[in-house]
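This report refers to the structure that appears directly beneath it.
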């Protein structure tokens, strides 16, 4: 392994394991909540609590990582992720689900720090490529292997302890996070070893940090990226319900479908984006990816056959795999090196606010207006925003 690639491989492994646990618990969470009386609208608050915490804490963790380094922030936050998973495993009420997601959301704010780590190690002209190849692939693989592994742990629980089968993925995910924190502490090198105080000083007010970044050259793209995430989050929040209520899938099948989508995203972000980005550029990636994503979303709830579900889910995953790293790369290129962590933290924070609003809107639409409405609303939003974003590049 080339020495210059070693830090990329280590952060790739760290982020992949972190997201592996996330991918294990997310597909089952809505149905898990249903088992002790959590409604669709309440589940919107459970899912939104995670993202609301990221909105509040991602800028602080990004700023903290600029100040004290990426490595300690990543290691401590991964321990928080383990605690959040264990609380969810013990949950038996709406409020314990909220508590687990709050803890997990604070810890999960480290995603922006991981993105900043990759940006630290990359020249500006390669940031979209490297974010797509390393971070995007880790995200895709985590969401591919995570659901498959979650399904296996759920089935194992059914065999050995049927009464605890639904809790097993949460327990195993917590153990993986503990092991990941140890791995990161001993293996992950610091990406900004020569840290010095920046001209903005040390602030702990997230809203001041957010306001400054939104007024910067990157601010407009940060807002448009948040709108895309908000639309996509409507699908994420209702997808498990859709598979059960419209397509009649069981709990194990939910994991396999999520795994197939994760594999598609891993292929697109880890391989396809790296090869086509130099040829097409960010503008076409955003435009074409947005079109594929919008079509997939709008058409997804129309059919009832499993082949329809797979086909338009894959189109949706392909579109998201193109749009996400391109938008992140554009935002990163708009920020100076001294404030990479802060800018990516604000971008993640606004994305988290969008993930708070998206599930709340999507699940209310799903419960009171019907299965198809959140998908049509999301598709139209994405088509409009990606068209505007591509014209501004």
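Worth a mention:
- Checked against (1) part of a helix (DSSP H, G or I); (2) at pLDDT below 80; (3) more than 18 Å from the chain's Cα centre (by Cα), residue 199 passes all but condition (1).
- Counting the residues of the range 293-312 that are in a helix (DSSP H, G or I) and buried (at least 23 other Cβ atoms within 10 Å of the Cβ) gives 4.
- Each residue in the range 361-389 was checked for being surrounded by 22 or more Cβ atoms within 10 Å (Cβ to Cβ) and either outside any helix (DSSP H, G or I) or within 18 Å of the chain's Cα centre (by Cα) (or both), and 3 of them qualify.
- Residue count, the range 153-167 (criterion: buried (at least 16 other Cβ atoms within 10 Å of the Cβ) and in contact (Cβ under 8 Å) with a residue 60 or more places away in the chain): 4
- Search result, residues across the range 33-62 that are touching a residue at least 40 places away in the same chain (Cβ under 8 Å) and over 20 Å from the mean Cα position of the chain (by Cα): 33, 35, 36, 37, 38, 39, 40, 41, 42
The values are calculated or read from the model by the stated rules, or taken from the named source; none is laboratory data. Just so you know, these numbers come straight off a predicted model, no measurement behind them. Cβ: placed from backbone, ideal geometry, glycine included. Neighbour counts: every protein chain shown.
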